[in-house]
Structures are given as C-alpha cells and as structure tokens.
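To start, the structure under review is shown below, and the notes come after it.
Laboratory data are not the source of any read-out in this text; all were calculated from the coordinates shown. Fair warning: this is a prediction, and the values are worked out from it, not measured in the lab. Counting neighbours? That spans all protein chains shown, and the Cβs are built from the backbone with ideal geometry, glycine included.
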Ligand SMILES: NC(=O)c1ccc[n+]([C@@H]2O[C@H](COP(=O)([O-])OP(=O)(O)OC[C@H]3O[C@@H](n4cnc5c(N)ncnc54)[C@H](O)[C@@H]3O)[C@@H](O)[C@H]2O)c1
Ligand SMILES: [Zn+2]
Ligand SMILES: [Zn+2]
C-alpha cells in the first residue's frame with residue numbers, strides 16, 4: 001500500500017518549491033519507512049532546486065533528517081518500528097571496488113530504496129541525495145537509517161545527517177585536523193561551522209573562521225573559532241597569514257564552493273598544508289592556479305564527500321558528543337519551521353539570516 005503524505009517538491013529549474021501530495025510505498029525487501037520528525041534545510045537542497053546538481057526533476061527535497069522507523073520491509077532484521085534514527089545519504093554496499101579495498105566511505109554503489117516515491121499522478125520523484133525527507137514519510141534503504149539514542153532532540157540530531165557530518169568530517173577525517181594544528185575555514189554556514197566545531201574539538205590551537213557576513217562569524221566564535229575574518233572588508237589570505245606567524249594554516253577547509261574562495265583557500269595554506277574542498281561548486285565553475293605553486297607548496301589538495309564518514313560508525317559518536325555537551329548541535333538550529341516554509345527558508349539562507357532552518361513535522 002502507498003501512503004499519501006505531504007512533501008516539498010522542486011518541479012523545475014529555479015521555480016519556487018511546492019508542497020504536494022506524494023505517494024510513499026510500503027517498504028519492500030531491504031527498505032524501511034521512516035516517519036520524519038525533523039529535517040534541516042541545507043544549501044544542497046537549494047542547489048537541487050536551481051538545477052546545479054542535475055536536471056532529474058521533479059525532486060523531493062530534504063536530506064538532513066531524524067525520525068522514527070514506521071515500518072520495516074522483509075529481511076530487515078536490525079531495525080524495528082519505533083527506533084529513533086538519523087537518515088544517511090551513504091549506505092556502503094560492501095562489495096564495490098572501493099568497499100573491497102577497505103574504503104567504504106568512498107563507496108561507489110551506495111544503496112537507496114529500490115521503489116520510487118511518486119507524485120499523486122504516479123510521476124516518479126528523484127529523492128534528494130536518495131532521501132527526500134521534507135515529507136511526513138520517506139522510504140530509504142535499511143542501511144541509510146542509523147539508529148541513535150532516542151533522547152537526542154530530533155531538530156538537532158537530524159543535522160548530523162548532512163551538514164554537521166560533512167563539515168566535522170571534512171576537518172577531522174579528510175583534513176586530519178589534530179591537536180596543535182592551525183585551521184582556517186572559508187564559509188561559516190552550517191557546514192563550515194561544523195568544520196570549526198570539529199577542529200576545536202580535536203584540539204586545534206588556532207581555528208580561524210572566514211565569512212562575508214558578521215552574523216556567521218559570531219556563530220563561528222560560539223562554535224569554537226579562536227579568530228574570525230570578515231572577508232568583505234579584509235583580505236582573508238593576508239589575515240590568515242598574520243594570525244599564523246606569517247606562514248598560513250596547516251589545514252584550510254573551503255565550505256563555500258566558488259572558484260574565488262577556493263583560490264583564497266589555496267593561498268591560505270602553510271607549506272605542506274592541506275586544502276579540503278567541501279563546498280559544492282556549480283557544474284560550470286573553473287579554477288585556475290599557478291602550477292608552480294601547486295608543486296612548490298606541496299601538501300595535499302583534497303575533496304570531501306560527506307566528510308569521509310561511515311554513518312553507522314560516526315553518527316552515534318556525534319550524538320554521544322552532543323549528549324555530553326561536547327558538540328553544540330543546538331547552536332546550529334536557528335529556527336524551526338513547517339513544510340510550507342521551505343521556500344522562505346531558502347531566502348533566509350541566502351540572506352545569511354540562519355545557520356539552519358529546521359522543518360519540524
Ligand atoms: N561535500 C559535502 O558532502 C557537502 C555536504 C553538505 C553541504 N555541502 C556544501 O557545502 C556548502 C556550504 O553549505 P551550507 O549549508 O553551510 O551553506 P550556507 O549557505 O549556510 O553557508 C555558506 C557560507 O558561505 C559564506 N560565503 C559566501 N561567499 C563567501 C566568500 N566570498 N567568502 C567567505 N564566505 C563566503 C556565506 O556567507 C555563508 O555563511 C554548500 O556548497 C553545500 O552544497 C557539501
Ligand atoms: Zn561500496
Ligand atoms: Zn546537505
């Protein structure tokens with residue numbers, strides 16, 4: 001049986017999203033049906049709406065969610081109805097060439113539900129990042145639903161499902177941030193501030209947040225930045241050098257995704273430093289760098305997909321840190337809204353008024 005519920009749909013490039021009646025099938029083998037409790041609005045949802053990811057419209061948006069298992073399909077043995085879960089957009093297959101080499105965080109055949117959710121007229125929906133959680137119910141692969149401590153507040157817990165994990169992991173997993181490092185982060189939105197929180201958590205001695213919006217910098221300081229740079233008034237490369245004895249940072253995380261900030265981030269590194277790109281660029285974006293500097297500066301230029309996380313390993317760890325007061329997830333929840341308010345939330349995100357708007361159902 002399919003369930004008719006309300007979901008937030010992007011119908012065509014750039015068009016405002018609409019709340020529609022959608023049909024969500026009961027779970028088949030290897031699938032679970034999740035009753036969504038909360039889902040954060042991530043910049044990637046806006047990228048979908050704008051056609052910057054692909055043109056597979058209509059999209060069912062939302063991918064930063066916590067909920068409870070409503071039903072499990074045949075053969076699903078490790079979850080049961082009522083379990084509190086955070087939904088992951090990666091569920092490693094265990095058998096692709098990357099999983100077989102012991103690197104499941106790069107899995108190239110990550111699993112999603114095999115049945116499709118549809119519009120009322122049967123048109124298949126492309127669920128954002130294989131989730132689609134701006135919806136009362138969503139259907140995912142069982143491995144995407146990661147059981148967590150039910151005491152964690154869903155509005156905060158759900159953010160681990162994308163932005164927090166991506167940012168924290170970009171700094172700590174991909175970038176290898178460690179005690180004593182100097183770390184600079186370009187873009188102090190939800191993702192960048194999670195990178196700041198991660199760097200602070202592992203004991204980086206200097207954590208520099210860079211943004212063009214003073215409100216974002218204020219949040220960065222709350223989340224662990226020791227210094228902030230307003231790039232709308234100050235040259236961030238020079239400022240980062242000045243804050244690191246003239247050298248540049250050991251690790252620079254780029255959480256904006258534009259050629260201009262990528263170049264600045266590149267030049268903000270110390271010799272042999274690491275640059276991690278976690279911001280998602282537009283498909284047409286190009287960056288030009290002096291090859292002699294790419295060579296001469298050494299170090300590593302990396303990209304971070306989902307913070308190189310293993311959801312089943314890492315989500316419960318971040319929830320534990322949250323519950324113990326070591327990771328302030330509540331600080332990321334700027335407002336709670338309803339399903340009808342996602343379009344307004346995009347505008348607020350673009351104006352820099354929020355770290356995260358979170359849809360509560
Ligand atoms: N790699 C991944 O797995 C992954 C996961 C989630 C999100 N993302 C991407 O990360 C990026 C950030 O996402 P978010 O949700 O934090 O978005 P956001 O809009 O909340 O944050 C972006 C921040 O960049 C700042 N910014 C814009 N121009 C700048 C400039 N010139 N210099 C410095 N700062 C500038 C903005 O003021 C804003 O604070 C997006 O591109 C998103 O798609 C990547
Ligand atoms: Zn795999
Ligand atoms: Zn996201």
If you stretched the chain out fully between residue 331 and residue 348, how much longer would it get, using 0.36 nm times the residue separation minus the C-alpha to C-alpha distance?
4.4 nm
Under a 10 Å cutoff between Cα atoms, tell me which one of 308, 83, 121 has the largest fluctuation in the Gaussian network model of the chain.
121
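Give the order of 235, 341 when sorted by the count of other beta carbons within 10 angstrom, beginning with the fewest.
Working: 235 12, 341 17.
In increasing order of surrounding Cβ atoms, one gets 235, 341.
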Rounded, prolate or oblate for segment 167-304? Axes are the square roots of the Cα gyration tensor eigenvalues, ordered a ≥ b ≥ c, and the cut-off for rounded is a/c under 1.5.
rounded
Out of all DSSP beta bridges in the chain, what portion is antiparallel? Express it as a percent rounded to 5.
55
Which of 98, 268, 357 comes first, and how do the rest follow, when ranked by fewest Cβ neighbours within 10 Å?
98, 357, 268
In the P(r) worked out for the chain, what percent of Cα pairs fall beyond 27 Å?
44
Gap in Å between the Cα centre of segment 151-168 and the Cα centre of segment 193-265?
22
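Using Cβ counts within 10 Å as a stand-in for footprinting exposure, how do 135, 95 rank, fewest first?
On the way: 135 32, 95 10.
Final ranking by Cβ density, sparse to dense: 95, 135.
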Taking the Cα-to-Cβ direction at residue 303 and at residue 151 and moving 7 Å from each Cα, how far apart do the two end points lie in nm?
4.1
What is the distance in Å between the Cα centres of segment 1-64 and segment 307-325?
25
Pairing the Cα long axis of helix 190-201 with the longest principal axis of the chain, what angle in degrees results, from 0 to 90 and rounded to the nearest 10?
60
